[in-house]
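Structure first, commentary second.
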Amino acid sequence: MQTATISFDPFNSLSDKDCHERIRAARAKLGKKAVILCHHYQRADVYQYADLTGDSLKLSRLASQTDSEFVVFCGVHFMAEVADIMTAPNQTAILPDLAAGCSMADMANLAKVERCWRELNEILNADQEVTPVTYINSAADLKAFCGEHGGIVCTSSNAGTIAKWAFERRPKVLFFPDQHLGRWTGHNLGFAMDEMVVWDPDLELGGLTPEQIKKARILLWKGHCSVHQMFQKSHIDAFRAKHPEGKVIAHPECNFEVCAAADYVGSTEYIVKTIKEAPEGTRWLVGTELNLVDRLAEEVKPQNKIVQFMATTICMCSTMQRIDPQHLAWTLENLAEGKVVNPIRVPEHEAKLAKLALDRMLAIS
Ligand code: 13P
Ligand code: SF4
């Protein structure tokens, strides 16, 4: 099987109908050699081809369990990296469009995290006092940093368990890159707001005083999700005023006020499961990405459940959206012809350390 730089151009102008025919033909040819993993935020015209779906935790497990030669990841870059790390050397993870990144993951990078660690070491003994915890929405080198420094990876569905694990080892946690997930997790573990301080990576000492750093139990990296920041408590207040019987469910990447005002908070898989299992005729306001919400609304309509999107403006994960039928057709057709496009390969030394942090997570969640 050759890895090549193959032009996408001829597929750019392909109609959706042609794409679908070519996707179906390529899949038939590939059979079990390729498995398609889709995150819940994938657009409907791609999601329909999923062999396996899930939230980040479930997809990491599924990636580690598949024996297909090619794992085609319809999601974002960090997810395909995790698939590469968790699969065997003879398997290849593929991201149909390399521009499908995660803007939150990009808010932390190794240079800034290493500088943070150095600065913390001026005030504390970081390797003995701080457990680094990276949200799975991060680059592989940050997972490797955690692996190397006694840290761990978490996802939105296991952050509480992981944070407990971290505090059993050291008295403080450095949580990156999502401050909101970190704050919500810390709050659920009983930490007061003034024990959780925001580390601004663009300021010296994160913009904190040595006293604030010494007192803090959780250092929250100043990062956020551009999609989930759109949801506001005022949306919940307006919904409750109109539908007092309605239920509110939010992803923990939403800000603290939204999570605190919601009835339920959890990962994408948790949101889907909770609403699917809810009694007939219930009404829901959902604070997460629009593709998931639209799909779920259609799926539960026959049970007379009403599912509403939390924001008043359309907010989608524009990077997830980049995986379209054109890119999927391009990827699968080339694979079926023996050509690998867009393989994701994490350097071996980095993958080894990142796997350490991922394995620690999978062992306890
Ligand atoms: P989940 O792990 O809940 O699927 O979240 C991933 C994500 O990127 C949400 O924005
Ligand atoms: Fe990243 Fe936000 Fe998109 Fe999730 S929704 S992949 S956190 S940008």
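The values are calculated or read from the model by the stated rules, or taken from the named source; none is laboratory data. Keep in mind the model is a prediction, meaning the values are calculated, not measured. All Cβ positions, even for glycine, are placed from backbone atoms using ideal geometry, and neighbour counts span all protein chains on display.
Quick one: residue 348 ticks every box in (1) under 20 Å from residue 79 (Cα atoms); (2) surrounded by fewer than 21 Cβ atoms within 10 Å (Cβ to Cβ); (3) touching a residue at least 40 places away in the same chain (Cβ under 8 Å); (4) out of contact with any helix residue (DSSP H, G or I) (no Cβ under 8 Å at 6 or more places or on another chain) bar one, so which box is it?
(3)
Identify, please: which residue in segment 103-132 is within 29 Å of residue 36 (Cα to Cα) and crowded, with 24+ Cβ neighbours inside 10 Å and is, among those, farthest from ligand 2 (Cβ to nearest atom)?
108
Let me spell it out: the conditions are (1) more than 14 Å from ligand 2 (Cβ to nearest atom); (2) touching a helix residue (DSSP H, G or I) at 6+ places or on another chain (Cβ under 9 Å), and residue 167 meets all of them except one. Which number is the exception?
Checking residue 167 against (1) more than 14 Å from ligand 2 (Cβ to nearest atom); (2) touching a helix residue (DSSP H, G or I) at 6+ places or on another chain (Cβ under 9 Å), the one that fails is (2).
Suppose we filter 100, 108, 159, 140 for residues that are away from ligand 1 (no atom under 15 Å from the Cβ) and in contact with a helix residue (DSSP H, G or I) (Cβ under 8 Å, 6 or more places away or on another chain); which single one remains?
On the way: 100 fails: away from ligand 1 (no atom under 15 Å from the Cβ); 108 fails: away from ligand 1 (no atom under 15 Å from the Cβ); 159 fails: away from ligand 1 (no atom under 15 Å from the Cβ).
Residue meeting the stated conditions: 140.
Kindly establish whether residue 11 is surrounded by 18 or more Cβ atoms within 10 Å (Cβ to Cβ) and either within 16 Å of ligand 2 (Cβ to nearest atom) or modelled with pLDDT of 95 or more (or both).
Working: surrounded by 18 or more Cβ atoms within 10 Å (Cβ to Cβ): yes; either within 16 Å of ligand 2 (Cβ to nearest atom) or modelled with pLDDT of 95 or more (or both): no.
Judged against the criteria, residue 11 is not a match.
Being exposed (fewer than 13 other Cβ atoms within 10 Å of the Cβ) and small (Gly, Ala, Ser): is that true of residue 186 here?
On the way: exposed (fewer than 13 other Cβ atoms within 10 Å of the Cβ): no; small (Gly, Ala, Ser): yes.
So residue 186 does not fit the description; no.
Taking only pairs six or more apart or across chains, which ones have beta-carbon atoms under 9 Å, a first residue in segment 224-245 that is farther than 30 Å from residue 136 by Cα, and a second residue that is away from ligand 2 (no atom under 16 Å from the Cβ) and assigned to a loop (DSSP other than H, G, I, E, B)?
Between residues of segment 224-245 that are farther than 30 Å from residue 136 by Cα and residues that are away from ligand 2 (no atom under 16 Å from the Cβ) and assigned to a loop (DSSP other than H, G, I, E, B), the close pairs are 238/312; 239/246; 240/246; 245/282.
Hey, among the residues in segment 276-289 that are buried (at least 21 other Cβ atoms within 10 Å of the Cβ) and either more than 14 Å from ligand 1 (Cβ to nearest atom) or of a type in the set (D, E, K, R) (or both), which one's nearest to residue 314 (Cα to Cα)? Full working, then the answer.
Here is the first cut: in segment 276-289, the residues buried (at least 21 other Cβ atoms within 10 Å of the Cβ) are 284-289.
Adding the requirement that they be either more than 14 Å from ligand 1 (Cβ to nearest atom) or of a type in the set (D, E, K, R) (or both) leaves 284-285, 289.
Details: 284: 17, 285: 15, 289: 9 Å.
Only one residue tops the list, namely 289.
Looking only at segment 14-45, count how many residues are part of a helix (DSSP H, G or I), modelled with pLDDT of 95 or more and either closer than 21 Å to residue 100 by Cα or hydrophobic (A, V, I, L, M, F, W, C) (or both).
Qualifying residue count, segment 14-45: 9.
Just give me the residues in segment 184-216 being within 18 Å of residue 115 (Cβ to Cβ) and acidic (Asp, Glu), in sequence order.
Filtering segment 184-216 down to residues within 18 Å of residue 115 (Cβ to Cβ) leaves 197-210, 212-213, 216.
Within segment 184-216, 200, 202, 204 qualify.
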